[in-house]
Amino acid sequence: MKRMIRVALITSGGDCQGLNAAIRGVGKALYEKLDNVEIFGMYDGYRGLIESDYKFMTPKDFSGILTEGGTILGTSRQRYIPGKDIVDEDGNSLIPAMKDTYNRLNLDCLVIMGGNGTQKSAKLISDAGMNVVTLPKTIDNDIYGTDTTFGFQSAVDIATNVIDYIHSTASSHSRIFVVELMGRDAGWLTLNAGIASGADVILIPEIPYDLNKVAQLIEERKKKGRSFSIVACAEGAVSKDDAVLDEEARRRLKEDASYPTVSYKIAAQLEALTGQETRVTVPGHYQRGGPPCPYDRVLATQFGTAAAELIINRQYNRMVAIQNGEICSIPLEEAASRTKFLPVDHPMIQVARDLGICMGD
């Protein structure tokens with residue numbers, strides 16, 4: 001009699017499109033290929049593993065979820081001390097409770113789906129002696145070792161759609177519109193959505209901006225009879241003046257900020273510099289919601305089936321990835337080692353410049 005293989009699925013951190021498609025990919029592939037497998041779904045991310053709150057998942061649980069947004073398992077964030085521990089509000093380590101659930105369920109592997117922070121915390125779980133396979137999900141596309149993440153293309157589609165609709169009202173009222181997009185400290189989402197939507201200015205964290213340069217571009221547009229301008233602004237965009245500050249000074253600056261987000265500050269400054277009416281649009285979590293686009297459905301499914309293959313072959317402590325169009329896997333240690341920022345010499349940045357898009361510098 002074959003020994004039962006027992007696997008737990010976890011969706012950790014922020015949600016995004018494609019999580020359910022990935023859950024489905026893992027579950028359907030394992031049940032298709034094995035007759036000695038049991039799958040558990042941990043509720044609300046690591047909380048389910050910590051508190052032993054889970055459900056036994058049958059093949060039926062993986063049907064009809066391909067197109068659903070969010071995650072059927074729920075998700076949450078835990079306090080993570082970089083490279084050291086996952087702790088509760090009092091600073092007590094939560095890893096022993098995780099390991100207790102892992103051992104009591106006699107699990108062979110945890111399949112953890114998450115973003116940049118999740119890859120790092122999953123490495124700590126792996127170091128504690130639990131077998132882990134991770135999947136890269138985030139709209140930020142900032143996970144090292146994979147060309148793209150699931151959730152990213154869906155967010156690009158939504159952000160592009162937002163800016164598409166802003167064009168008509170900006171044109172009607174001859175306004176400047178600053179559209180603030182997500183992405184944390186990486187500019188992948190803003191760059192791609194900005195190019196796709198025909199934005200006139202793209203401000204990303206990797207290229208500190210000089211608003212005088214942006215105002216100059218806007219004035220040049222007005223001279224050519226273009227009465228409105230669209231600024232695609234990443235939530236992590238930073239001015240050249242602020243970029244030279246140390247981390248502590250930038251933290252204090254944020255705490256003392258007179259504006260709710262960077263886009264409101266930019267809008268106020270642009271209006272003062274140009275004398276042109278300026279408005280802000282912040283689509284926020286709208287970018288993370290709704291069904292995954294077809295590309296993300298396929299990619300998440302590919303990642304899910306690849307994770308199942310790693311489990312079957314007992315190749316643990318790895319992250320599934322895509323490199324040069326090929327599905328592969330890399331050591332979790334490598335994936336967790338750094339953040340994938342947008343290189344300032346990336347070909348897509350040159351594409352933007354070739355189109356006359358102002359990058360703020």
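For the chain, with all protein chains present and a 1.4 Å probe, just round the carbon and sulfur fraction of the accessible area to a whole percent.
Of the solvent-accessible surface of the chain, carbon and sulfur hold 48 percent.
How many Å² of accessible area per residue for the chain, probe 1.4 Å?
Using a 1.4 Å probe on heavy atoms only, each residue of the chain averages 44 Å².
Could you tally the net charge around Ala308, taking each other residue with its Cβ under 9 Å from the Cβ of Ala308, Lys/Arg +1 and Asp/Glu -1?
Around Ala308, the surrounding residues sum to 0.
How are the C-alpha pair distances of the stretch 244-337 spread across 10 Å bins, as whole percents from the shortest bin up?
So the P(r) values, bin by bin, are 12, 22, 21, 22, 19, 4, 0.
Rounding to the nearest 10 and keeping the result within 0 to 90°, find how far the Cα-based axis of helix 294-312 lies from the longest principal axis of the chain.
The angle comes out near 30 degrees.
Report ³J(HN,Hα) in whole Hz for each residue of the stretch 188-195, in order, from the Karplus equation J = 6.51 cos²θ - 1.76 cosθ + 1.60 where θ = phi - 60°; Gly and Pro get x.
4, 5, 5, 4, 5, 5, x, 5
Go ahead and set up a Gaussian network model of the chain, Cα springs under 10 Å, then flag whichever of Ser329, Ser174, Ser229 fluctuates most.
It is Ser174.
Size of the stretch 167-249 along its principal axes in angstrom, Cα-based, largest extent first?
Computed over the stretch 167-249, the largest-to-smallest principal extents equal 43, 24, 17 Å.
Using Cα atoms only, what is the angle between the long axis of helix 262-274 and the major principal axis of the chain, expressed in degrees (0 to 90) to the nearest 10?
10 degrees
Have a look at the DSSP beta bridges in the chain and tell me what percent are antiparallel, nearest 5.
30 percent
Using only C-alpha atoms and all pairs of different ones, pull out the Kirkwood radius for the stretch 74-120 in Å with one decimal.
One over the average 1/r among Cα pairs gives 12.0 Å for the stretch 74-120.
Report the full-extension gain for the segment Asp85 to Thr339: residue separation times 0.36 nm, less the Cα-Cα distance, to one decimal in nm.
Going from the current span to full extension adds 89.6 nm.
Give, as a single signed number, the net charge of other residues whose beta carbon lies under 11 Å from the beta carbon of Phe177, with Lys and Arg counted +1 and Asp and Glu -1.
-1
Could you pull out the longest piece of the chain with no exposed loop trypsin sites (Lys or Arg not before Pro) in it, calling a site exposed if DSSP puts it outside H, G, I, E, B and it has at most 11 other Cβ atoms within 10 Å?
85-223
Based solely on its DSSP helices, what 222 nm [θ] is calculated for the chain when runs of n ≥ 4 H residues each add -39,500 (n - 2.57) and the sum is averaged over all residues, nearest 500 deg cm²/dmol?
Estimated from H runs of four or more residues: -12000 deg cm²/dmol.
Taking Cα pairs under 8 Å and at least six residues apart, what relative contact order does the stretch 70-164 come out at, in percent?
This gives 19 percent for the stretch 70-164.
Just to verify a number: what accessible area does Ser172 come out at with the full protein assembly present, 1.4 Å probe, Å² rounded to tens?
My reading of the accessible area for Ser172 is about 90 Å².
On alpha carbon coordinates alone, what is the Rg over Rh value for the stretch 105-263, Rh being the Kirkwood radius?
In the stretch 105-263, Rg relative to Rh is 1.09.
Place a point 7 Å from Cα of Ala257 in the direction of its Cβ. Which residues in the stretch 184-212 have their backbone N less than 17 Å from it?
So the set is 184-187, 190, 203-211.
For Tyr54, list long-range residues whose amide hydrogen, built 1.01 Å from N in the peptide plane, is under 5 Å from its own amide hydrogen.
Close amide H contacts, sequence-distant or interchain: Tyr43.
For the chain, calculate the relative contact order in percent as a whole number, restricting contacts to Cα pairs under 8 Å that are 6 or more residues apart.
Relative CO of the chain lands at 23 percent.
Stokes-Einstein diffusion coefficient for the stretch 75-175 at 25 °C in a medium of 0.890 mPa s, Rh from the Kirkwood formula over Cα pairs: what value in µm²/s?
Rounded to a whole number, D works out at 151 µm²/s.
The values are calculated or read from the model by the stated rules, or taken from the named source; none is laboratory data. Here the structure is a predicted model, which means the values were calculated and not measured. Neighbour counts run over all protein chains shown; Cβ positions are idealised from the backbone, glycine included. We work out accessible area using only protein heavy atoms, side chains counted, and drop any ligands, DNA or RNA first. Shrake-Rupley method; radii C 1.70, N 1.55, O 1.52, S 1.80 Å.
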